[in-house]
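The structure appears below as structure tokens.
The values are calculated or read from the model by the stated rules, or taken from the named source; none is laboratory data. Everything numeric in this text was worked out from a predicted model, so none of it was measured. Positions of Cβ are generated from backbone atoms using ideal geometry, with glycine treated the same way; all protein chains shown enter the neighbour counts.
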């Protein structure tokens, strides 16, 4: 990603805007001090907030944990909320097909995936004070995957100038069918225009 950003700079593209959604937003925050874009857009940053006692519990429990887990093993396909959630993750599936239901219930995620998320989250938390670029953070007020209080905690650790926008939405901020999508798009476009205007005057937004 750093190499791609440098190629864009070399080609004269300005302002350079780094945008990330969900886990991609956490990755963008982690890499921002290295890439040093002109601006950073963070949409519903998904990260693992560990408690101080987590490593101690893990030391004793980890040997007894399976190598993977099935998050949808008990899925009730009659529940509209379950069907809607699966359709967002895996569009186009026939959720009334028994074979499809069985395959979804049997879908196993490796425990190492959680380990990678935890490692990325720790790295992001360490790098946050080094983020020195203007930022836009957008959060859904009804998001249960990334709660507003968690994102606000992240914001308090940022030392750069950041604009925080809340919209009436769940985690699916980037879906065009989301009623809050026009607000999200407008916030991002306004932020990008402000960056462009600032560069045109010889300076970026406050850093």
Residue satisfying all of: in region 134-145; surrounded by 15 or more Cβ atoms within 10 Å (Cβ to Cβ) and in contact with a strand residue (DSSP E or B) (Cβ under 7 Å, 6 or more places away or on another chain); farthest from residue 39 (Cα to Cα) among these: 140
Every residue from region 149-194 that is at pLDDT below 90 and either under 17 Å from residue 32 (Cα atoms) or touching a strand residue (DSSP E or B) at 6+ places or on another chain (Cβ under 7 Å) (or both): 158, 159, 160, 161
Answer from 33, 15 - the residue that is touching a helix residue (DSSP H, G or I) at 6+ places or on another chain (Cβ under 9 Å), touching a residue at least 24 places away in the same chain (Cβ under 8 Å) and crowded, with 17+ Cβ neighbours inside 10 Å: 15
